[in-house]
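The values are calculated or read from the model by the stated rules, or taken from the named source; none is laboratory data. Computed from a prediction, not measured in an experiment: that's the story for all the values here. Note that each Cβ is placed from the backbone with ideal geometry, even for glycine, and that neighbours are counted across all protein chains shown. To get the accessible areas, we keep the full protein, side chains included, count just its heavy atoms, and leave off ligands, DNA and RNA. Shrake-Rupley method; radii C 1.70, N 1.55, O 1.52, S 1.80 Å.
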Amino acid sequence: MIQLSERIKSMEESATIAMSRKSRELKAQGKDVISLSLGEPDFFTPDFIKDAAKKALDENYTMYTPVPGYDDLRAAICRKFKRDNGLNYTPDQIVVSTGAKQSIANVVMSLVDEGDEVIIPAPYWVSYYEIVKVAGGVPVVISAGIDQDFKINGKQLSEAITPKTKMMIFSTPCNPTGSVYTKDELRELADVLVKHERIVTISDEIYEHINFSSKHESLAQFEDIYDRVVTINGVSKAWAMTGWRLGYIGAHKDIASACNKVQGQFTSGTCSITQRAAIAAVDADPAVLKDMVKAFESRRELVLNALNEIPGVKANRPQGAFYVFPDISSFFGKSYGSYTINSANDLSLYLLDEGLVALVTGEAFGDPNCIRISYAASEEVLNEAMKRIKEALSKLS
Ligand code: PMP
Ligand code: GLU
């Protein structure tokens, strides 16, 4: 019998990935499932990025790369941080990885010791919690409900800090809620963090360009905490490059060199061709993303309008990313046929079986009253999905 490690036995499978796998399996069985489960743009990578990749192959960029990324890519990332975020980083503060997911794992592995507490404001992105657990850290969840637009405040943060707190991890714009922290709200968190020298904050800003109403604000802009903020970003979301696998950090150089060391043992530098293509992406003017962001904004309206017509569903108005995270707790206790809904898990399975729409349960994101809808799909698909959701929910009584 194979004896798996305790570490891996206690790790949950990623719920986003599990749900998209499940819907792929159902589709393979001939079921007409609509998947709004995976957070992935339905656009293709722009041609100028694909051309850079083709050129890289023709120029024989086919060998091992420097572990933290090519020098000219890291220089381009420094220019991007300056241009878009007003942040000053030098190339020795940048580490390029195989997706932002690996960037986060590197930072957690580099900083968290057994028993260290890591504050994770909920709703949170699924993988934060499991990455912290694998590193031996203790996740400390602070909940921010729909009534506070799913954002924590300084008082909540302050109350969660103990002498064992080593880190905080959050995202803005947020996956799964689409909430965006304003500069004042970030300053309020910074006012607390500045008093605790030991705490490093991972600010995951991978959705920065998918912001409908304001300028993106980075936590590292505050000089008094800059050294203790790790800014995470990548090309997956803005540039529709999820399959290319490239993310990066801007961090204090001691953190960057620790991540470099971890990566040198675990994976080495990410794909050479992806890195050459990423130079074209990070050097490009983000104004070219305007049409994509507009498309996401009108899809948000479509989904919100449809949700508002369903009795018992309560949704906030997300300002960014491409998710809505409605509260569906009013359906708990209701049934239809052999289905009884006692949780967001039950509801997402019911919607999959009965409505043939795959969504992700809020339980995976630390909020058991909600479900996540990814609206990175065409308006036609979204209209059909919302019709199915409405119909399936109307059967519950
Ligand atoms: N952070 C957040 C908040 C995300 O939603 C995702 C989604 N994939 C990631 C990080 C990881 O991105 P990547 O594809 O670059 O690994
Ligand atoms: N980040 C996306 C999501 O939340 C992609 C899936 C994943 O990497 O977990 O759906």
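Consider VAL180 carefully, then state whether it is within 15 Å of ligand 2 (Cβ to nearest atom), within 24 Å of LYS294 (Cβ to Cβ), among the aliphatic types (A, V, I, L, M) and out of contact with any Phe, Trp or Tyr (no Cβ under 6 Å at 6 or more places or on another chain). Considered against the rule, which asks whether it is within 15 Å of ligand 2 (Cβ to nearest atom), within 24 Å of LYS294 (Cβ to Cβ), among the aliphatic types (A, V, I, L, M) and out of contact with any Phe, Trp or Tyr (no Cβ under 6 Å at 6 or more places or on another chain), VAL180 comes out as no.
Checking each residue in the stretch 287-344 for being in contact with a Gly (Cβ under 7 Å, 6 or more places away or on another chain), within 29 Å of ILE206 (Cβ to Cβ) and more than 16 Å from ligand 1 (Cβ to nearest atom) picks out only ALA344.
Applying the criterion of being away from ligand 2 (no atom under 15 Å from the Cβ) and of a type in the set (Gly, Ala, Ser) to the residues of the stretch 14-44, the residue that is most open to solvent (accessible area, probe 1.4 Å) is ALA28. Scanning the stretch 16-25 for residues that are away from ligand 1 (no atom under 16 Å from the Cβ) and free of Cβ contacts under 8 Å to residues at least 24 places away in the same chain turns up at least one hit.
Restricting to the stretch 50-71, what's the tally of residues that are surrounded by 12 or more Cβ atoms within 10 Å (Cβ to Cβ) and either under 21 Å from SER257 (Cβ atoms) or touching a residue at least 60 places away in the same chain (Cβ under 8 Å) (or both)? Adding up the residues that qualify gives 14. Under the condition of being part of a helix (DSSP H, G or I) and either surrounded by 24 or more Cβ atoms within 10 Å (Cβ to Cβ) or within 16 Å of ligand 2 (Cβ to nearest atom) (or both), the residues counted in the stretch 353-381 number 4. Of all the criteria given as (1) within 29 Å of ALA238 (Cβ to Cβ); (2) open to solvent by less than 20 Å² (accessible area, probe 1.4 Å), the one not satisfied by GLU384 is (2). Looking at THR65, THR16, which is the one that is modelled with pLDDT under 95 and either polar (S, T, N, Q) or assigned to a loop (DSSP other than H, G, I, E, B) (or both)? Going through THR65, THR16 in turn, just one is modelled with pLDDT under 95 and either polar (S, T, N, Q) or assigned to a loop (DSSP other than H, G, I, E, B) (or both): THR16.
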